[in-house]
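Take a look at the structure set out below.
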Amino acid sequence: MFIMRKKLISFICILLAVVLISCQSTASGELDYSDSSLWAYWAIGDEKRADVFLICPTVDMGQDGNMNMSLDDEALKESFLGALNMERGIYEDWCTLYAPYYRQITFPLYSADEKVMEHYLETAYSDIEDAFFYYLENSNDGRPIVLAGFSQGAQLALMLLEDHFDDEALQEQLVAAYCIGWRVTDDDLDQYPHLRLAQEEDDTGVIIAFNSEAEGVENSIIVPAGVRTHAINPLNWKTDSTPAMADENLGACFTDYSGAVTKEVKKLCGAYIDPHRGTLRVTGIAPEDYSNSLFPDGVYHLYDYQFFFRNLQENVGVRVNAFFEQKESSE
């Protein structure tokens, strides 16, 4: 009886181990992006001149101690879709929308050791990489591409650019990459010389990046102290510290999870690029008016899109049109 009991316990332990390994394999294995349920947007918007591949920002706060978002969590997937909807108005007048669900890393990892974060980021990036190439092979058909993301979405968009847009054919399809809310450093540019930063409002095949802060802020989890990032000012499309006045702000739009503009304020703020940090210093507003629970007052990360919504919306059209004008002139 004792021997049988030992065998039973051993069998149960082996079975549990198999189940755990299976679960871990499923969590870290590849996703099949031919499954339509893995797309928040797939070919939304007919007869647009370009496509946008849009990558969602962080919505999983990791409250359960998880490191990557579970795609079985329907409540989180609703938040994921809502976050995309808040941004889609910038792109949808000009672009057919594509946006995959992916196993993004959770918010606490941005305060963790970089090596720890990178381990889990591999899963998120692998999903984005697989989704992007599935889209290319099954729907793009050589159309112009706008690559776009905010925060973690911008980080992953930059990784796609680094790894794959040294391909000349793919680079020729790139209208622009809106990598907003993530840093682009000299190290990035040195390591990946094919990356090109936007220099004006209508250049193409370039990266548009900036990180919004109040004057006096010298550290954030996006741009840590001592790190210098690159930026372009979305109000005057300058890359130096030339200040843009509030009169140049076409409209700050505060959107909800449906994508509706709940409040619009023209001429809300001005901005200039800090020559030392490379961040976008926002002027004319009080930091305490934009407090939130995730970032210290003055770190306007959550408002990178919203403060400059109409200027960004207009710029997508400018760059799409410039892309076709350049293509026609070269033929």
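The values are calculated or read from the model by the stated rules, or taken from the named source; none is laboratory data. For clarity, every value in this text was computed on a predicted model and none was experimentally measured. Neighbour counts run over all protein chains shown; Cβ positions are idealised from the backbone, glycine included.
Taking the condition under 17 Å from the mean Cα position of the chain (by Cα) and under 28 Å from PHE295 (Cβ atoms), does ILE105 pass? Yes; evaluated as a whole, the condition is true for this residue.
Quick check: anything in the stretch 99-111 modelled with pLDDT under 95 and not in a loop (DSSP other than H, G, I, E, B)? Before you say what the answer is, go through the steps one by one.
Looking only at the stretch 99-111, we keep the residues that are modelled with pLDDT under 95, and these are 111.
After this cut, where a residue has to be not in a loop (DSSP other than H, G, I, E, B) as well, the list is 111.
The answer is yes, given that some residue of the stretch 99-111 is modelled with pLDDT under 95 and not in a loop (DSSP other than H, G, I, E, B).
Looking only at residues of the stretch 296-312 that are buried (at least 23 other Cβ atoms within 10 Å of the Cβ) and hydroxyl-bearing (Ser, Thr, Tyr), we find that the one that is nearest to ASN219 (Cα to Cα) is TYR300. Per the listing LEU147, LEU121, LEU161, the residue uniquely buried (at least 20 other Cβ atoms within 10 Å of the Cβ), touching a Phe, Trp or Tyr at 6+ places or on another chain (Cβ under 6 Å) and either closer than 15 Å to LEU31 by Cα or of a type in the set (A, V, I, L, M) (or both) is LEU147. In the stretch 237-253, the residues that are among the acidic types (Asp, Glu) and part of a loop (DSSP other than H, G, I, E, B) form Cβ pairs under 7 Å with partners that are modelled with pLDDT of 95 or more and surrounded by 15 or more Cβ atoms within 10 Å (Cβ to Cβ), at six or more places apart or across chains, as follows: ASP240/ILE273. In the stretch 238-245, the condition of being acidic (Asp, Glu), more than 23 Å from the chain's Cα centre (by Cα) and crowded, with 16+ Cβ neighbours inside 10 Å is met by no residue.
Filtering the stretch 64-98 to residues that are part of a loop (DSSP other than H, G, I, E, B) and free of Cβ contacts under 8 Å to residues at least 60 places away in the same chain leaves ASP64, GLY65, ASN66, MET67, MET69, SER70, LEU71, ASP72, ASP73, GLU92. Residue-level analysis places THR229 outside the set of residues that are part of a loop (DSSP other than H, G, I, E, B), over 16 Å from HIS301 (Cβ atoms) and among the β-branched types (Val, Ile, Thr).
Residue by residue through the stretch 84-106, note down the ones that are among the aliphatic types (A, V, I, L, M) and under 24 Å from ASP46 (Cβ atoms).
First, the residues of the stretch 84-106 that are among the aliphatic types (A, V, I, L, M): 84, 86, 90, 97, 99, 105.
Matches in the stretch 84-106: LEU84, MET86, ILE90, LEU97, ALA99.
Among the residues of the stretch 259-272, is there at least one that is surrounded by 14 or more Cβ atoms within 10 Å (Cβ to Cβ), part of a loop (DSSP other than H, G, I, E, B), touching a Gly at 6+ places or on another chain (Cβ under 6 Å) and at negative phi? Yes, the stretch 259-272 contains a residue that is surrounded by 14 or more Cβ atoms within 10 Å (Cβ to Cβ), part of a loop (DSSP other than H, G, I, E, B), touching a Gly at 6+ places or on another chain (Cβ under 6 Å) and at negative phi. The residues of the stretch 237-259 that are under 18 Å from THR279 (Cβ atoms) and of a type in the set (Ser, Thr, Tyr), listed by number, are THR239, SER241, THR242.
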